[in-house]
Amino acid sequence: MPHPVDERRTIGFLIADVARMMRSAFDRRVRRIGLTRSQWQVLSVLHWRPGLSQSELAEMLEVERATAGRMIDRLEQKGWVTRRRDPGDRRTWRLHLTAEAEAIQAEMGQIAAEMIDDAMAGLRPGERAALTGMLERVKVQLTHMAPRGAAPSQAKTQAEAADARPRAAMNPVPAA
């Protein structure tokens, strides 16, 4: 008779739960700056990829263009984001962080580093490095996997698209 699986111990559940808990801990720590999760995600993406269009930002955040537009409007009102005309396409606006937002981004980076150190406090340095290395290998493997039944060329296209996304877009909280 097979042993019942404790779903809380499966790798997928653990990774998702740890990621959720890290986002929540980061949210609590940046709340004093006056940031929401969507705002810190936008700031992180634009920090690493200045000059994105609203459409590109929406795609990277996996939200609708209108949703991205509302987020940008709020950040622009706070004086954290500016829109600049694209010199090659007058219909497109390019998004950039202001100096104030760059300072906030630097503070977010410090908060994230401290939070990760706190979260990893129970691991020895070698274990922390090993965990990071193993997760990076799993990520590479997932990036190159094709959906079951997909053509091999489709897997390469998906891997290239995943590699093109900045790390900040996938997880604004820096890796351990």
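Given the criteria small (Gly, Ala, Ser) and modelled with pLDDT under 55, does ALA161 qualify? Against the criterion (small (Gly, Ala, Ser) and modelled with pLDDT under 55), ALA161 qualifies. Please find, among LEU35, LEU46, the residue that is under 29 Å from ASP118 (Cα atoms), part of a loop (DSSP other than H, G, I, E, B) and either in contact (Cβ under 8 Å) with a residue 24 or more places away in the chain or β-branched (Val, Ile, Thr) (or both). Just a single option satisfies the conditions, and that option is LEU35.
Determine, yes or no, whether ALA103 is surrounded by 15 or more Cβ atoms within 10 Å (Cβ to Cβ) and small (Gly, Ala, Ser). Against the criterion (surrounded by 15 or more Cβ atoms within 10 Å (Cβ to Cβ) and small (Gly, Ala, Ser)), ALA103 does not qualify. With respect to (1) surrounded by 15 or more Cβ atoms within 10 Å (Cβ to Cβ); (2) touching a Pro at 6+ places or on another chain (Cβ under 7 Å), the lone exception for MET108 is condition (2). Say whether the condition of being closer than 18 Å to ALA106 by Cα and surrounded by 12 or more Cβ atoms within 10 Å (Cβ to Cβ) is met by at least one residue in the range 64-74. No, the conditions are met nowhere in the range 64-74.
The values are calculated or read from the model by the stated rules, or taken from the named source; none is laboratory data. Worth saying up front: this structure is predicted, and the values here are computed from it rather than measured. Cβ coordinates were reconstructed from backbone atoms using ideal geometry, including for glycine residues, and neighbour counts include every protein chain displayed.
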